[in-house]
1. Students often get this wrong, so try it: which of [x] 1.24; [y] 1.77; [z] 1.01 is Cα Rg over 2.2 N^0.38 Å as calculated from the structure shown?
2. Around residue 58, what is the net charge, scoring Lys/Arg as +1 and Asp/Glu as -1 over all other residues with Cβ under 13 Å from its Cβ?
3. Using the alpha-carbon centroid of each, what span in Å lies between the stretch 1-52 and the stretch 72-95?
4. With labels modelled as points extended 7 Å from the Cα through the Cβ direction, what inter-label distance (nm, one decimal) is found for residue 109 paired with residue 132?
5. What residues have an amide H closer than 5 Å to that of residue 96, excluding those fewer than 5 places away on the same chain, when H is modeled at 1.01 Å from N in the peptide plane?
6. Using amide H atoms built 1.01 Å from N in the peptide plane, name the residues 5+ places from residue 32, or on other chains, whose amide H lies under 5 Å from its own.
7. How much accessible area per residue does the chain have, counting only protein heavy atoms and a probe of 1.4 Å, in square angstrom?
8. From the phi angles alone, apply the Karplus equation (6.51, -1.76, 1.60; θ = phi - 60°) to the stretch 54-69 and give each ³J(HN,Hα) in whole Hz, x where the residue is Gly or Pro.
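The values are calculated or read from the model by the stated rules, or taken from the named source; none is laboratory data. Fair warning: this is a prediction, and the values are worked out from it, not measured in the lab. Virtual Cβ from ideal backbone geometry, glycine too; neighbours counted across all protein chains shown. What goes into the accessible areas is simple: the full protein's heavy atoms, side chains included, and nothing from ligands, DNA or RNA. Shrake-Rupley method; radii C 1.70, N 1.55, O 1.52, S 1.80 Å.
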Amino acid sequence: MEAEFSDSTRFDDVTFLADARFDEAGFFGATVFRCARFQGDARFEKTKFAGKVIFSEAAFAGRADFARASFADAAYLPGVDFGRDARFVEVTFARDGWFLNVEFSGNTDFKGVTLSEDVRFVGCTLDGVPYTPPEWTQRPDYDDFD
């Protein structure tokens with residue numbers, strides 16, 4: 001691993017002026033990027049998130065690359081703005097992955113994603129158009145079987 005964060009890690013209101021490189025990092029506690037600003041590219045390729053992850057209201061001005069990252073616990077991305085490309089190729093979501101009111105403005109790629117529990121896309125847009133990945137269907141609620 002390139003870097004290890006053994007406890008909870010918070011990047012609240014942090015602005016990364018250049019590229020942020022977390023490739024192959026390990027986050028072993030809760031990880032929070034609340035209102036973080038990424039001015040350059042943000043690279044999380046092959047990053048392992050062992051605890052809950054929150055990217056609420058984070059803004060990515062450059063490319064956001066999460067290819068082959070793994071989320072062992074819940075991942076919450078409410079109000080995130082992906083200003084350019086967002087790449088989630090071969091990402092594993094072992095628990096919940098919630099994309100709530102997320103703006104995808106560039107090329108968006110979820111090819112080969114592994115879903116184990118509940119992944120939701122609610123109120124998301126792709127270049128201003130409502131976005132739901134066409135190859136995924138939401139899990140039915142148990143109430144639907146009454």
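1. Among [x] 1.24; [y] 1.77; [z] 1.01, the one derived from this structure is [z].
2. Around residue 58, the surrounding residues sum to -2.
3. Using only Cα atoms, the two centres lie 12 Å from each other.
4. 2.6 nm
5. 74, 75, 118
6. Result for residue 32 returns 9, 10, 11, 54.
7. Here the residues of the chain average 53 Å² of exposed surface.
8. Ordered by residue, 3J(HN,Hα) equals 10, 10, 4, 6, 6, 10, 10, 7, x, 6, 10, 10, 10, 3, 6, 6 Hz.
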